[in-house]
Structure formats: structure tokens, C-alpha cells
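Q: Once you've had a glance at the structure underneath, I'll fire off some questions.
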Amino acid sequence: MTRLAQTVGLTDVQREIVSTVRDFVDREIIPNAQELEHSDTYPQQIVDAMREMGLFGLMIDEEYGGLGESLLTYALCVEELARGWMSVSGVINTHFIVAYMIRQHGTDEQKQRFLPRMATGEIRGAFSMSEPELGSDVAAIRTRGVRRPEGGYAITGQKMWLTNGGSSSLIAALVKTDEGADKPHRNLTAFLIEKPPGFGEVAAGLTIPGKLDKLGYKGIDTTELIFDGYVASDDDVLGNAPGRGFAQMMDGVEVGRVNVSARACGVALRAFELAVRYAQQRSTFGKPIADHQAIAFQLAEMATKVEAAHLMMVNAARLKDSGERNDVAAGMAKYLASEYCIEVTQQSFRIHGGYGYSKEYEIERLMRDAPFLLIGEGTSEIQKTIISKNLLHEYRL
Ligand SMILES: Cc1cc2nc3c(=O)[nH]c(=O)nc-3n(C[C@H](O)[C@H](O)[C@H](O)COP(=O)(O)OP(=O)(O)OC[C@H]3O[C@@H](n4cnc5c(N)ncnc54)[C@H](O)[C@@H]3O)c2cc1C
């Protein structure tokens, strides 16, 4: 069942990596996802196998021990992983953003310190901008880093919604510092904070309280983070560039948007696969429901949406790989793929009739996972704001 979501123009290496991940998903993830999800169990065995496959270093340069692959290769792997279980793609997502930010903005010392251990998955990254009072309005961040006379910063404040907050050992956190700038976002600094994995006060002044209970996206830990006078050194400032954190994190979020659209493509593709199979197995009024035009047309609509989302995601990834700005393309891909994912999972759910509501069928999980894609790396409203602002600028009269 590979007619949909094909990508033309891949190299042999890209094809091999993606097909290896696809086989792994079919063999190791799909058969176990429902049980792990319902028991909210961290997929340790799957994560260990992903480490062995080198997936944590997929986009990290070869000189630091990674595979040095492109954003496109990475996104196609994420699509495959999310097709199996969205939570598994979440395990590598924040890691990939943090590694990307260090590659783009880190000092040589920071690259040497973190990237080789990130490439093997020994260090795992989390990404923290959101706070209890803000998510979209990043410039309003309240967590404060105050310069200490003896050097470094004392950080105090509360962060919210850290994907991999407990399991990670390196957090890229955006914090307000006093740079004397009149624009709020110029007073934001990104810190690279190393900590042991786990919950509770894992370092002096740094507490990860526990896992947040969520509608879906289970198995993977999503947490708060409390700083209470945590001391970060000057060397922990990303790129040794106080006040540049907003731009650095937004660069990370931009590639993150391609990643979220890839996830939406994977979840939607799986919803289609389940629907097209079920529609041929289930009969009503003397024939398979796929032979009722109302159902066949839904399958046609779903497949078209899966294909359109995949093409936009691939386009956004290729644009970034070519060195061009891709904020509009990434925003469009993320917006379209996540909205279509909601529609396609809904359609698949309807095709499953009453069984779609049963926890024994995969579609109920996809229905609960899909809404997160409307939110992560910026809501649909925020994507539309980015797209329209840019286009109004370019098409200015
Ligand atoms: C499971 C999960 C994992 C997450 N992981 C992370 C993570 O790893 N790191 C991290 O930093 N964050 C993470 N987040 C947080 C996520 O990025 C935010 O939830 C998201 O950015 C939205 O912010 P908010 O929840 O504060 O909503 P708000 O910003 O309060 O928005 C509320 C509503 O208002 C709309 N809105 C806001 N501003 C505007 C505007 N200007 N115009 C029109 N509409 C607007 C929004 O679209 C939304 O519908 C995660 C969230 C979830 C649920």
C-alpha cells in the first residue's frame, strides 16, 4: 500500500533510509502502538532501536558523528514514524530542533560539547519557549535570567509544555534577560541547559514536576519546568549571543513546522490506509461499503488530501535544503497538513462506523493525536498570520 505519499527525485541513500524506517515502523511500532499508548508507557525499546539506527543523528553533520542528511530525509522519516505512532516521532522532534539550532547558531565549543553526544542519542534535546500564560505570544516570556556579579545568570520562572521534558538531558530554553533593548524580543536569550533525565529537582534550582496528562500523544512525557535561581554559565548562552534568542528559536521553529507537517502527513496516511482496508472488508446492504459511492468518494477525497499535504511538506523541506527562506512554505505546509489531518482522520472514523469508537481500532488513537498538530509549532491562526503578513508585504501596492 504505497501508492500515496511517494516522493520523486530522491537519491538512492534517501530511498534506502526511508524504506528502512518504513520496515521498522511496520515491524516494531504499529503492532505495539495501541498497547503502549493506552498504558501511557514510554516506548523505551523502540527508542533504543532508533538510537541504533542512527536516527538521533540523522541531520547532524558527519564531522560530529551524525549522518549529515537533509531536512527532506529527516521529514520523510518523521512521516513514516508518525504513520506508526505520532508519539515516537515526538521523541526525536525536539531533539532535532535543538541539534539544528546548535548547528546553525552555536559556538564551536558548544558544537563540540553537544553534537557528538546528540548524534548518538546519549544526550537528548528538549525545547522550551511556552509558559503557563503564553504560547503564541513568545515575546511576552516572563522567566527571567539575571546576570550575577560573579558571572553567569540566575534563572527564575515557570515553563510549560516541554515535550520530552523528563526524558531529555539538554533543554534549549528561551528566557528574558535585560539587554536594554526597547523591543521585547531583543531581550530574550536562549540557554542550553544540561540536566540529568528524570523528575523532581534534577539539578539545583531546576525541577521537572511530573508528566502532564493529555488527550492523546501518550507514552511520551510532556512536562512543566520550574527554575528557582538556577545558575547558568555564560558558556550556556546559545552562540554566546545574549538577546538573540528569539531569532534563534524562531529559526528552530521554522524547521519544526516542516517536521509537524510531516507528522500530520504520516497520521493522515495511516488513517487513509485503515479506511481503505476497512471499506473493503465491511459489507452493508449486500456489498462492501467501498462499493457505495458515498464511501468511495470519501476515500477519493482523503487520498487527495494526503497527497496534497505530502507535496507541500516536501516542497517546504526542499526549499529549506536549498538555502532559501521557507517561512511561508513551512507555514502553508504546516497549516494545510494539520487541517487535512483532522479531516482525514474524521472521515476514516466515520467509515469505521461504531468500531471507530472502539479502543480496539487504531483510528480512535489517530483521532486523539491529530488535534495536537493544530497547536504544536504554532496554531493554525499563527500560521495564517505569518503567511498573510509575508504575502501582503510581497504583494504590496
Ligand atoms: C502536547 C503539547 C506539547 C507541546 N510541546 C511544546 C514544547 O516542546 N515546547 C514548547 O515551547 N511548547 C510546547 N507546546 C506549547 C505549544 O507550542 C502552545 O500550546 C502553542 O504555541 C499555543 O499556545 P497557547 O497554548 O498558549 O495558546 P494561546 O497562545 O493562548 O492561544 C489561544 C488561542 O488564541 C489564538 N490566538 C492567539 N494569538 C492570536 C492572534 N494574534 N491572532 C489570532 N488568534 C490568536 C490561538 O490560535 C489559539 O486558538 C506544546 C503544547 C502541547 C499541547
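The values are calculated or read from the model by the stated rules, or taken from the named source; none is laboratory data. Everything quoted here is computed from the prediction, not taken from an experiment. Neighbour counts run over all protein chains shown; Cβ positions are idealised from the backbone, glycine included. Heavy atoms of the whole protein, side chains included, go into the accessibility calculation; ligands, DNA and RNA do not. Shrake-Rupley method; radii C 1.70, N 1.55, O 1.52, S 1.80 Å.
Q: Tell me which of these Ala5 doesn't satisfy, since it passes every other one: (1) surrounded by 13 or more Cβ atoms within 10 Å (Cβ to Cβ); (2) under 21 Å from the mean Cα position of the chain (by Cα); (3) part of a helix (DSSP H, G or I).
A: (3)
Q: Answer with yes or no whether Ala262 is assigned to a strand (DSSP E or B) and under 21 Å from the mean Cα position of the chain (by Cα).
A: Taking the combined requirement at face value, the residue does not satisfy it.
Q: A follow-up question, please. Return yes or no: is Ile60 outside any loop (DSSP other than H, G, I, E, B) and either surrounded by fewer than 16 Cβ atoms within 10 Å (Cβ to Cβ) or of a type outside the set (S, T, N, Q) (or both)?
A: In short, no.
Q: Report yes if Phe349 is modelled with pLDDT of 95 or more, exposed (fewer than 15 other Cβ atoms within 10 Å of the Cβ) and away from the ligand (no atom under 16 Å from the Cβ), otherwise no.
A: no
Q: Anything in region 8-52 that is surrounded by fewer than 18 Cβ atoms within 10 Å (Cβ to Cβ) and among the small types (Gly, Ala, Ser)? List them, or say none.
A: Once the filter is applied, which keeps residues that are surrounded by fewer than 18 Cβ atoms within 10 Å (Cβ to Cβ) and among the small types (Gly, Ala, Ser), region 8-52 yields Gly9, Ser19, Ser39, Ala49.
Q: Return a yes/no flag: does region 246-257 have any residue that is more than 16 Å from the ligand (Cβ to nearest atom), touching a residue at least 12 places away in the same chain (Cβ under 8 Å) and of a type in the set (Phe, Trp, Tyr).
A: No, region 246-257 has no match at all.
Q: Name the one entry in Gly135, Gly121, Gly166 that is modelled with pLDDT of 95 or more, surrounded by fewer than 24 Cβ atoms within 10 Å (Cβ to Cβ), closer than 24 Å to Gln383 by Cα and within 18 Å of the chain's Cα centre (by Cα).
A: Step by step, each of Gly135, Gly121, Gly166 is checked, and only Gly135 is modelled with pLDDT of 95 or more, surrounded by fewer than 24 Cβ atoms within 10 Å (Cβ to Cβ), closer than 24 Å to Gln383 by Cα and within 18 Å of the chain's Cα centre (by Cα).
Q: Looking at Leu274 and the list (1) modelled with pLDDT of 95 or more; (2) under 30 Å from Ile387 (Cβ atoms), which single condition is not satisfied?
A: Only one criterion in (1) modelled with pLDDT of 95 or more; (2) under 30 Å from Ile387 (Cβ atoms) is unmet by Leu274, namely (2).
Listed here are the residues, each with its yes/no results for (1) over 24 Å from the mean Cα position of the chain (by Cα); (2) on the phi < 0 side of the Ramachandran plot; (3) in a helix (DSSP H, G or I); (4) of a type outside the set (Gly, Ala, Ser).
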| site | (1), (2), (3), (4) |
| --- | --- |
| Ala275 | yes, yes, yes, no |
| Met313 | no, yes, yes, yes |
| Leu319 | no, yes, yes, yes |
| Gly331 | no, yes, yes, no |
| Ile342 | no, yes, yes, yes |
| Arg350 | yes, yes, yes, yes |
| Tyr361 | yes, yes, no, yes |
| Arg365 | no, yes, yes, yes |
| Arg368 | no, yes, yes, yes |
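Q: Return the residue satisfying two criteria in turn: it lies in region 207-236 and is of a type in the set (A, V, I, L, M, F, W, C), near the ligand (Cβ under 10 Å from one of its atoms) and open to solvent by 20 Å² or more (accessible area, probe 1.4 Å), and of such residues it is farthest from Val91 (Cα to Cα).
A: If we take residues in region 207-236 being of a type in the set (A, V, I, L, M, F, W, C), near the ligand (Cβ under 10 Å from one of its atoms) and open to solvent by 20 Å² or more (accessible area, probe 1.4 Å), then Leu215 is farthest from Val91 (Cα to Cα).
Q: Kindly check whether there is at least one residue in region 380-392 that is free of Cβ contacts under 8 Å to residues at least 24 places away in the same chain and buried (at least 19 other Cβ atoms within 10 Å of the Cβ).
A: Scanning region 380-392 turns up no residue that is free of Cβ contacts under 8 Å to residues at least 24 places away in the same chain and buried (at least 19 other Cβ atoms within 10 Å of the Cβ).
Q: How do the pairs read when you match residues in region 123-152 that are within 20 Å of Thr163 (Cα to Cα) and away from the ligand (no atom under 16 Å from the Cβ) with residues anywhere that are outside any loop (DSSP other than H, G, I, E, B) and modelled with pLDDT of 95 or more, using Cβ under 6 Å and keeping only pairs 6 or more apart or on different chains?
A: Ile123/Arg117; Ile123/Leu170
Q: Can you tell me which residue in region 153-163 is most open to solvent (accessible area, probe 1.4 Å), limited to those that are under 21 Å from Leu212 (Cβ atoms) and more than 10 Å from the ligand (Cβ to nearest atom)?
A: Looking at the filtered set, the residue picked out is Gln158.
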